[in-house]
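Q: Here it is, the structure, as structure tokens.
The values are calculated or read from the model by the stated rules, or taken from the named source; none is laboratory data. None of the values given here were measured: they were computed from a predicted structure. Note that each Cβ is placed from the backbone with ideal geometry, even for glycine, and that neighbours are counted across all protein chains shown.
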Amino acid sequence: MSESDTVTGEPSPVRKIIHIDMDAFYASVEQRDNPELRGKPVAVGGSAERGVVAAASYEARKFGVRSAMPSVTAKRQCPDLIFVRPRFEVYKAVSRQIRDIFAEHTPIIEPLSLDEAYLDVTENLQGIPLSRDIALRIREKIKAETGLNASAGISYNKFLAKLASDHRKPNGQFVIAPEMGPAFVETLPVGKFHGIGPATAAKMNALGLFSGLDIRNQTLEFMNANFGKSGAYYYWISRGVDDRPVRANRIRKSIGAENTFSTDLAEYDALAAELRPLVHKVWRHCEATGHRGRTVTLKIKFADFEIITRSRSVVAAVRDSDGLERLACGLLEAEMPLRKRVRLLGVSLSALQAGDDAEPQLTLGI
């Protein structure tokens, strides 16, 4: 979180923020374009034998299938699962349609991915007084022009708007008004907080923090001591306070993913197997945003919590998931044999540029 993204707790004017999230976007596009897939469990990406699920239809989610799940696991949980190759150019085109609809209402749009964005409609272009009516009009036009469903969350800050959009999914919307914010957060399990992953949630639980109210009962000093620079963020959002602005044309410095293992690992094959889903997750974000990068960084956290990073830069942007995987696995292989067991791996891509500006990838001699 950069300095401009920090939550300070300082009072700020009441804003009207909408978080729009398309429902099962990739899978819904495939079901829209192929009537034979409608009403059936669909996974975009991967295959029955290998790979990782990029997105799952709601019919597949009923069986526990989710994004980033290994395809073999998804197929085991849902034997009738239909795998579909992703068509990112189609998803990008639909996303541009949706972005144009947003722009009819506000120029202050912060895209998070192809299917998700924040909109600041405090001053909206059509003079609609109620933000919930703006959200409803946007969702109706998205449905009319693309045939797809969107959910919306409306609130006075980004944190609560994102929570609200999950509250009525799929194809719904929910408003968290200023007087509702603190009470809404206090009953929320910490694992449902945007920005709190499984490892942080487990740490909070170990400290006796299970809900927003539990966090709110702690001092700022306690949160900072136990969670470092994120402590203040957790402290304030537990009070329904988030003064981060919606930032148009947000510049991202890197794209990364990491995972903490249930058992510490040491062998290359086991570590490489854990690394591949992280590579696929990073690459899915690259495809969704159009970003490409030239520097790959491997993060290794050992069992004793020591952290090392290893990076490699290439002349031109990495052009595909296989190239990213070769670079990441090459960095891992260069560290073998490891002197200690590993509890976490991470991979990130930096030196980012827009996809249209990326040069063709040179052959990597790895």
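Q: Scan the range 238-248 and tell me whether some residue there is closer than 28 Å to Leu278 by Cα, over 19 Å from the mean Cα position of the chain (by Cα) and surrounded by fewer than 16 Cβ atoms within 10 Å (Cβ to Cβ).
A: no
Q: Okay, moving on. Can you name the residue in the range 303-328 that is hydrophobic (A, V, I, L, M, F, W, C) and touching a Phe, Trp or Tyr at 6+ places or on another chain (Cβ under 9 Å) and is also surrounded by the fewest Cβ atoms within 10 Å (Cβ to Cβ) among such residues?
A: Only one residue fits best here, namely Ile308.
Q: Looking for something touching a Gly at 6+ places or on another chain (Cβ under 9 Å) and more than 15 Å from Arg341 (Cβ to Cβ) - is there at least one such residue anywhere in the range 299-306?
A: Taking every residue of the range 299-306 in turn, at least one turns out to be touching a Gly at 6+ places or on another chain (Cβ under 9 Å) and more than 15 Å from Arg341 (Cβ to Cβ).
Q: Can we say Ala60 is crowded, with 23+ Cβ neighbours inside 10 Å, more than 15 Å from Arg85 (Cβ to Cβ) and in contact with a Cys (Cβ under 9 Å, 6 or more places away or on another chain)?
A: Spelling it out, Ala60 is indeed crowded, with 23+ Cβ neighbours inside 10 Å, more than 15 Å from Arg85 (Cβ to Cβ) and in contact with a Cys (Cβ under 9 Å, 6 or more places away or on another chain).
Q: Same structure, new question: Output the residues belonging to the range 106-130 that are more than 22 Å from Asp243 (Cα to Cα) and crowded, with 20+ Cβ neighbours inside 10 Å.
A: Across the range 106-130, the qualifying residues are Leu114, Asp115.
Q: In the list Val347, Val279, which residue meets the criterion of being touching a Gly at 6+ places or on another chain (Cβ under 9 Å) and either among the aliphatic types (A, V, I, L, M) or at pLDDT 90 or above (or both)?
A: Going through Val347, Val279 in turn, the sole match is Val347.
Q: Filter the strands (runs of 3 or more DSSP E) completely within the range 51-129 down to those with at least 1 residues that are touching an Asp or Glu at 6+ places or on another chain (Cβ under 7 Å).
A: Strands (runs of 3 or more DSSP E) meeting the threshold: 82-84, 116-120.
Q: Same structure, new question: As an exercise: evaluate Ile154 against (1) under 23 Å from Ala27 (Cβ atoms); (2) part of a strand (DSSP E or B); (3) of a type in the set (Val, Ile, Thr) and give the number of the one condition it does not meet.
A: (1)
Q: A further question on this structure: Across the range 140-179, which residue is surrounded by the most Cβ atoms within 10 Å (Cβ to Cβ) among those that are over 26 Å from Val241 (Cβ atoms) and more than 21 Å from the chain's Cα centre (by Cα)?
A: By that ranking, first place goes to Ile142.
Q: Across the range 28-57, what is the total count of residues that are surrounded by fewer than 18 Cβ atoms within 10 Å (Cβ to Cβ) and either under 18 Å from the mean Cα position of the chain (by Cα) or modelled with pLDDT of 95 or more (or both)?
A: 8
Q: Still on this structure, I have one more. Restricting attention to the range 26-43, which residues are touching a helix residue (DSSP H, G or I) at 6+ places or on another chain (Cβ under 7 Å), hydrophobic (A, V, I, L, M, F, W, C) and within 19 Å of Asn171 (Cβ to Cβ)?
A: Hits for the range 26-43 are Val29, Leu37, Val42.
Q: Here are some residues: Ile98, Ile138. Which one is of a type outside the set (Asp, Glu) and out of contact with any Phe, Trp or Tyr (no Cβ under 8 Å at 6 or more places or on another chain)?
A: Going through Ile98, Ile138 in turn, just one is of a type outside the set (Asp, Glu) and out of contact with any Phe, Trp or Tyr (no Cβ under 8 Å at 6 or more places or on another chain): Ile98.
Q: Further question on the same structure: With the condition being at pLDDT 90 or above and of a type in the set (D, E, K, R), I'd like the helices (runs of 4 or more DSSP H) fully within the range 157-271 carrying at least 1 qualifying residues.
A: Answer list for the range 157-271: 158-167, 181-186, 198-206, 212-216, 220-227.
Q: Of all residues in the range 130-151, which are of a type in the set (Gly, Ala, Ser) and assigned to a loop (DSSP other than H, G, I, E, B)?
A: Across the range 130-151, the qualifying residue is only Gly147.
Q: Take the range 200-244 and flag every residue that is of a type in the set (Gly, Ala, Ser) and either free of Cβ contacts under 8 Å to residues at least 60 places away in the same chain or in contact with an Asp or Glu (Cβ under 6 Å, 6 or more places away or on another chain) (or both).
A: Ala201, Ala202, Ala206, Gly208, Ser211, Gly212, Ala225, Gly228, Gly231, Ser238
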